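So the structure is just underneath, and the comments pick up after that.
The values are calculated or read from the model by the stated rules, or taken from the named source; none is laboratory data. Keep in mind that what you see is a predicted model, and the values were worked out from it rather than measured. Because the Cβ atoms are built from the backbone with ideal geometry, glycine has one as well, and the counts that use them run over all protein chains shown. The protein model used for the area step is the full one, side chains on, heavy atoms only, and it has no ligands, DNA or RNA in it. Shrake-Rupley method; radii C 1.70, N 1.55, O 1.52, S 1.80 Å.
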Amino acid sequence: SALCHTGNISYRLGKKAVPGEIREKIKGDRDASATFDRMAAHLEANGLDCNIDKVTLGEVLKMDPKKETFKGNKAANALLTREYRKPYVVPAKV
């Protein structure tokens, strides 16, 4: 489930952009570029213009597996948990 949560956090911190802006940001990542191009082609084939209906490019997150936090990203770390409703509180140290 950690991978799904990381993806959601990345998306929530992402920014909407047009394809040219996204391609510029990911140009050094061959796999990300190929994936984006396939997605953009699929959306276009189904009548969605990404220049008008912008898509979200998620934040790149790097996990510290020992601390179970994101390296250098306070906003992402803030989304790792929430304030729980009593009495359903998860202790800080389990």
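Can you tell me which of (1) closer than 30 Å to Val94 by Cα; (2) in a helix (DSSP H, G or I); (3) without any contact (Cβ under 8 Å) to a residue 60 or more places away in the chain is the one Glu21 doesn't meet?
The single condition Glu21 does not satisfy is (1).
Please enumerate the residues belonging to the stretch 70-93 that are modelled with pLDDT of 95 or more and open to solvent by less than 100 Å² (accessible area, probe 1.4 Å). Give the derivation first.
Filtering the stretch 70-93 for residues modelled with pLDDT of 95 or more gives 70-79.
Correct list: Phe70, Gly72, Asn73, Ala75, Ala76, Asn77, Ala78, Leu79.
Name the pairs: first residue in the stretch 33-55 and closer than 13 Å to Gly20 by Cα, second residue open to solvent by 70 Å² or more (accessible area, probe 1.4 Å), Cβ to Cβ under 6 Å, at least 6 apart or on different chains?
Matching pairs, first to second residue: Lys54/Lys16.
Inspect all residues belonging to the stretch 72-84 and state whether any of them is over 21 Å from the mean Cα position of the chain (by Cα) and either of a type outside the set (Lys, Arg) or on the phi > 0 side of the Ramachandran plot (or both). Steps first, answer last, please.
Filtering the stretch 72-84 for residues over 21 Å from the mean Cα position of the chain (by Cα) gives 83-84.
Pick out the ones that are also either of a type outside the set (Lys, Arg) or on the phi > 0 side of the Ramachandran plot (or both) and you get 83-84.
Among the residues of the stretch 72-84, at least one is over 21 Å from the mean Cα position of the chain (by Cα) and either of a type outside the set (Lys, Arg) or on the phi > 0 side of the Ramachandran plot (or both), which makes the answer yes.
From the list Lys67, Lys16, exactly one residue is in a strand (DSSP E or B) and either open to solvent by 90 Å² or more (accessible area, probe 1.4 Å) or farther than 28 Å from Val94 by Cβ (or both). Which is it? Walk me through it before giving the result.
Details: Lys67 fails: in a strand (DSSP E or B).
Going through Lys67, Lys16 in turn, the sole match is Lys16.
For the stretch 36-58: of the residues being part of a helix (DSSP H, G or I) and touching a helix residue (DSSP H, G or I) at 6+ places or on another chain (Cβ under 9 Å), which is most open to solvent (accessible area, probe 1.4 Å)? Give the steps one after another, and end with the answer.
From the stretch 36-58, those part of a helix (DSSP H, G or I) are 36-45; that's our starting set.
Then drop every residue that is not touching a helix residue (DSSP H, G or I) at 6+ places or on another chain (Cβ under 9 Å), which leaves 36-37, 40.
Details: Phe36: 16, Asp37: 68, Ala40: 13 Å².
This residue is Asp37.
For Pro91, work out the one condition from (1) out of contact with any Asp or Glu (no Cβ under 8 Å at 6 or more places or on another chain); (2) in a helix (DSSP H, G or I) it doesn't fulfil.
Failing condition for Pro91: (2).
Given the criterion acidic (Asp, Glu) and closer than 22 Å to Leu79 by Cβ, identify the matching residue among Glu24, Glu44, Glu59. Full working, then the answer.
Values: Glu24 fails: closer than 22 Å to Leu79 by Cβ; Glu44 fails: closer than 22 Å to Leu79 by Cβ.
Exactly one of Glu24, Glu44, Glu59 is acidic (Asp, Glu) and closer than 22 Å to Leu79 by Cβ, namely Glu59.
Restricting the first residue to the stretch 1-14 and requiring it to be at pLDDT 95 or above, which pairs with a second residue that is in a helix (DSSP H, G or I) meet a Cβ separation below 7 Å and a spacing of at least six or different chains?
Here the result reads Ile9/Ala76; Leu13/Ala75; Leu13/Ala76, each pair linking the stretch 1-14 to a residue that is in a helix (DSSP H, G or I).
Of the numbered conditions (1) outside any loop (DSSP other than H, G, I, E, B); (2) under 14 Å from the mean Cα position of the chain (by Cα), Leu61 satisfies every one except a single condition; which is it?
If we test Leu61 against (1) outside any loop (DSSP other than H, G, I, E, B); (2) under 14 Å from the mean Cα position of the chain (by Cα), just (1) comes out false.
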